[in-house]
Amino acid sequence: MLEDAPMTAQDALVALMIAMSASDEQIRTAELVKMSNAINNLPVFAGYDAERLPRMSKLVFELLEQVDGLEALFGLIRDALPEHLYETAYALSCDVAAADGRIAGQEARMLEEIRDELELARLHAAAIERGARARHMTLYDAAFSASCHDHMCISCDRRHGAGPKYALKIL
């Protein structure tokens with residue numbers, strides 16, 4: 001693979017998932033597993049060259065270290081990603097964010113940025129968010145909802161705690 005090869009649509013989806021995972025500065029195992037499963041199993045990644053993953057990771061991390069790096073990353077993603085995959089991109093981002101059972105402040109802000117950058121209709125985004133919530137529920141979520149703090153509780157769609165209002169509003 002050439003280092004200067006252009007970003008493909010699949011690369012853009014991978015880069016967005018990596019950026020979502022890195023948004024809270026803690027890349028968790030559950031998020032890595034979610035990304036790996038998506039790349040290995042979803043039809044949109046059919047034929048994707050896994051040799052490109054280190055390049056995408058390096059690109060994302062280098063851009064996120066720069067002052068306007070997130071904006072540059074979104075520009076690259078928009079250039080490479082056809083519009084009909086914008087909802088797919090947001091769904092993958094929601095799944096990565098929800099992989100650890102909660103969507104905390106930084107992750108919620110990143111999802112908001114992604115929604116805005118991809119110009120998703122609010123109702124479409126809410127439906128995608130609701131789907132991610134449903135896919136990541138556990139039998140025990142309701143038992144733990146009372147102990148949630150400063151994040152969107154996946155089990156009850158409410159914020160718990162008194163922190164700033166960065167929660168993901170889900171229908």
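Numerical summary
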{"quantity": "Cα-based shape type of region 47-102, given that a ≥ b ≥ c are square roots of the gyration tensor eigenvalues and the cut on a/c is 1.5", "calculated": "rounded"}
{"quantity": "Cα gyration tensor shape for region 1-116, rounded if a/c is under 1.5, else prolate or oblate", "calculated": "rounded"}
{"quantity": "Label point distance in nm, ILE27-LEU123, each placed 7 Å from Cα along Cα→Cβ", "calculated": "3.8"}
{"quantity": "Gained length - ASP49 relative to SER36, 0.36 nm times residue gap less alpha-carbon distance", "calculated": "3.4 nm"}
{"quantity": "Length-normalised contact order of region 28-113 in % [C-alpha pairs under 8 Å, at least 6 apart]", "calculated": "39"}
{"quantity": "Estimated Rh, region 1-52: Kirkwood, alpha-carbon pairs, angstrom", "calculated": "11.8"}
{"quantity": "Accessible area (Å², per residue) of region 12-68, counting only protein heavy atoms and a probe of 1.4 Å", "calculated": "55"}
{"quantity": "By average C-beta atoms within 10 angstrom, highest first, the peptides 124-135, 75-86", "calculated": "124-135, 75-86"}
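The values are calculated or read from the model by the stated rules, or taken from the named source; none is laboratory data. Source: prediction; values computed, not measured. Positions of Cβ are backbone-derived with ideal geometry, glycine not excepted, and every protein chain shown enters the neighbour counts. In case anyone asks, the SASA skips ligands and DNA or RNA and just uses the protein heavy atoms, side chains included. Shrake-Rupley method; radii C 1.70, N 1.55, O 1.52, S 1.80 Å.
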